[in-house]
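Here's the structure we're looking at; comments come further down.
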Amino acid sequence: MDILGRFQSFIEECEDEDGQLIYMDKIRSMEQQGSRSLHISYNDILRHDPALAEEIRLNPEESITIGEEVLRSMISQISPTYLEKVNLFHIRIHDLTDKVLLRALKTEHLGLLACFEGIVIGVTEAKPLMIRGVFKCAVCGEGNQMVDFPEGIYSPPYQCRNEQCQRKGSLLVQLEKCTFIDWQKITIQEKPEELPPGQLPQSIMIHILDDLVDRARPGDRIEIVGTLKARATRLLKRGTLATYNKFFQGNSIDKEKAEYIDIEISEEDEQKIIDLSKSPLIIQKIRESLAPSIYGHDLVKEAIATLLFGGTAKETPDGMKLRGESNILLIGDPGVGKSQILKFVQRLAPRAIYTTGKGSTAAGLTAAVIRDQDTGEITLEAGALVLADQGIAMVDEFDKMRADDRVAIHEAMEQHTISIAKAGIVATLNARTSILAAANPRRGRWNPYKDPADNLNLPPTLLSRFDLLFVLEDKPHPQEDHEKASHILNIHQSQTLPVEPPIEQELLRKYIAYARREVHPRLSDEARDRLLEYYKELRQVSGKVDEKGPDPIAITPRQLESLVRLSEARAKMRLSDEVTFEDASGAVNLMNATLEKLAKDTETGKLDIDMVSSGISARSRRKLDQIDAVIDRILEQADDEPVAIKDIVDKAVEEGLDKAQVVKAIDEMTRRGVLFEPTTGHVKRP
Ligand code: ADP
Ligand code: MG
């Protein structure tokens, strides 16, 4: 039997277990669903007619085209009007049993049906592709000369088909009569978890047509079936190297199938994990197993453990989504091991991406619309946070991120989406990512005599989106220096760790994956009370008004939500569904460390969350208010005539204000438009 006959009998006869005709039923419902594609499982073909399956695998283009003819003739019988209306039908093959790895796609696969998984990193805008050209002779006027371009390769007829004319090169395209379909290119990259350690991810270009267009967004994980092809990018000249470019012609896309390869956990592993979790010292053991080659940093390691395990994501009855992931920032002097810690977490965490603030691609951390210099093609490309969706993104040198990212990352960290509207592309991409970031202080080193805000190189709006911030100072300390140096030297000397980590890395990976999958802790009453007490305690000392003005606000609901996530993560580490009093206390400990270091006013010693969230302490804000008032009064006395800046400064200094601060305040007020400068060196109120 020929392929046409085989296809026909496959479609007409293939049944499921209950004896239902799978594909006949599908064809009958196509019109009602407005579908142009018949989706066929390769396994069904294999089961029904192995020879046909093999033919499709070896000669996909030809045999699928024949299949599509069969499909058309069937639709013409079932619903001739639908055939007339749609005209173009596709057969899309799914569920290939033999998948290849993206990086294994080589010449041997050219022209064969292949299937692989990957993550979409870029999509171009959809373009119309001409599949049937209609031409008219400019000399004799004979029109409607039709030519099909089955692969969309433009190949117009050379000679007029009119017997009397037969002129060469006289044909003009009649665009309004041509047939177009949607065409799009997408770029797929290897999944981070499939990437061999230390390798750069590889990617491949996919061409897709018609109803597959716009099915995939950057960040989506997809399984794709199609054919690897080669195409010359330029005219090959005799004597030049005959290299071709490869691309993949996509036949079908499945979004649901290419889920994360979750780490496999055997029954034996599971038993080990459950045994481990019963240890009363489990949290300490986990902490000690993180980056064991890095000495110290206990609190940071404990915080990272909570990040790895994560809290419980929830949805409120009114539809608000509460994230379970936390974000941590390490700010520290150079050479304290920040980058090493990040690299370690990347190796350990099941779904992790390591990047630097500058980003390793043009898309940076979030996403970008990029125009190709040569072709003018517009591509939406996903940045690191989108690729790390549902995982952890390690961002080193966070303070050096691009200006575009600085704007977009706010949304990513709070809403877990990235919206982009540029050059006609409007899209919202998912970025459900925990961020572990490292940054250097403003002048390279942390200055303990300055307010934290002056030490930080990042806008306060960004800082406040981190649940925990740690300052890692490199202060000389005889005892510690000795221990740390011996620790480092021992490792270099013997290449073994001074103390073996309590949980070996492979098991810890499985432990984390297991806990994330199986455990969903909720607050107990005791835990709830503990957090409530802590919150109330800090709020009580906040905002009290005395003769010097209101006291600073020490904590806000944002930190309270962080505390819940941190407590839940601790419960997960114990594989417990209940967040206990101790979990809540542990979370409070971590939070205290952050607040003590970053929200403490160096002058008054009071906690002030505004120093993190707005970059100005209540004390300096009060001072600024005072300066504003003095400047205001001086200007008022001048009856709204311009006053020399020098005079204002002198008068303000007389009143006991700091000269530099006054100059800064005037400068800032002119910039805001509160003051304006009619002549140089003079200001007045507008
Ligand atoms: P950073 O990113 O903070 O500037 P790195 O992570 O690059 O610093 O660390 C510099 C080097 O010093 C690394 O090789 C690291 O292993 C070593 N190092 C720094 N701090 C420690 C520590 N506490 N324990 C062990 N090694 C350390
Ligand atoms: Mg570094």
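The values are calculated or read from the model by the stated rules, or taken from the named source; none is laboratory data. Fair warning: this is a prediction, and the values are worked out from it, not measured in the lab. With ideal geometry, Cβ positions are generated from the backbone for all residues, glycine too; neighbour counts draw on all protein chains shown. Ligands, DNA and RNA are excluded from the accessible area calculation, which covers all protein heavy atoms including side chains. Shrake-Rupley method; radii C 1.70, N 1.55, O 1.52, S 1.80 Å.
The table below gives the values:
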read-out	value
One residue from HIS477, HIS487 being within 16 Å of ligand 1 (Cβ to nearest atom) and either open to solvent by 50 Å² or more (accessible area, probe 1.4 Å) or touching a His at 6+ places or on another chain (Cβ under 8 Å) (or both)	HIS477
Which numbered condition ARG161 misses (of (1) part of a strand (DSSP E or B); (2) of a type in the set (D, E, K, R); (3) surrounded by fewer than 17 Cβ atoms within 10 Å (Cβ to Cβ))	(1)
In the range 21-38, the residues that are open to solvent by less than 70 Å² (accessible area, probe 1.4 Å) and either among the aromatic types (Phe, Trp, Tyr) or under 34 Å from the mean Cα position of the chain (by Cα) (or both)	TYR23, GLY34, SER35, SER37, LEU38
Residue among LEU195, LEU172, LEU236 that is of a type in the set (A, V, I, L, M) and open to solvent by 80 Å² or more (accessible area, probe 1.4 Å)	LEU172
Subset of the range 458-486 [over 22 Å from SER434 (Cβ atoms) and either touching a Pro at 6+ places or on another chain (Cβ under 6 Å) or in a loop (DSSP other than H, G, I, E, B) (or both)]	GLU473, ASP474, LYS475, PRO476, HIS477
Residue in the range 113-132 that is under 30 Å from MET30 (Cβ atoms) and among the hydroxyl-bearing types (Ser, Thr, Tyr) present	yes
Pair list, Cβ under 8 Å, 6 or more apart: the range 433-454 residue modelled with pLDDT under 80 and among the hydroxyl-bearing types (Ser, Thr, Tyr), other residue open to solvent by 60 Å² or more (accessible area, probe 1.4 Å) and more than 15 Å from ligand 1 (Cβ to nearest atom)	TYR449/THR602
Residue within the range 287-303 that is in a helix (DSSP H, G or I), more than 16 Å from ligand 1 (Cβ to nearest atom) and over 20 Å from the mean Cα position of the chain (by Cα) present	no
Number of the exception - GLY133 against (1) part of a helix (DSSP H, G or I); (2) not assigned by TED's automatic domain parsing to the domain that holds MET30	(1)
Residue list for the range 392-414, restricted to those being more than 16 Å from ligand 1 (Cβ to nearest atom), open to solvent by 10 Å² or more (accessible area, probe 1.4 Å) and not aliphatic (A, V, I, L, M)	ARG402, ASP404, ARG406, HIS410, GLU411, GLU414
Matching residues in the range 459-475 - criterion: being at pLDDT 80 or above and touching a Gly at 6+ places or on another chain (Cβ under 6 Å)	LEU472
Residue within the range 74-81 that is closer than 30 Å to ILE370 by Cα and open to solvent by less than 80 Å² (accessible area, probe 1.4 Å) present	no
Set PRO478, PRO459: member being in contact (Cβ under 8 Å) with a residue 40 or more places away in the chain, more than 16 Å from ligand 2 (Cβ to nearest atom) and of a type outside the set (A, V, I, L, M, F, W, C)	PRO459
Within the range 27-49, considering residues that are at pLDDT 85 or above and among the basic types (Lys, Arg), the one nearest to ILE224 (Cα to Cα)	ARG36
Residue match in the range 349-356 (condition: within 15 Å of ligand 1 (Cβ to nearest atom), over 22 Å from ARG287 (Cα atoms) and either open to solvent by less than 30 Å² (accessible area, probe 1.4 Å) or touching a Lys or Arg at 6+ places or on another chain (Cβ under 8 Å) (or both))	yes
Test for THR124: is it at pLDDT below 90 and surrounded by 19 or more Cβ atoms within 10 Å (Cβ to Cβ)	yes
Hits in the range 292-320 - residues which are of a type in the set (Gly, Ala, Ser) and either at pLDDT below 90 or touching a Gly at 6+ places or on another chain (Cβ under 6 Å) (or both)	SER293, GLY296, GLY310, GLY311, ALA313, GLY319
Inter-residue pairs, beta-carbon under 6 Å, first free of Cβ contacts under 8 Å to residues at least 60 places away in the same chain and in the range 300-329, second of a type in the set (A, V, I, L, M, F, W, C), 6+ apart	LYS301/LEU290; LYS314/LEU322
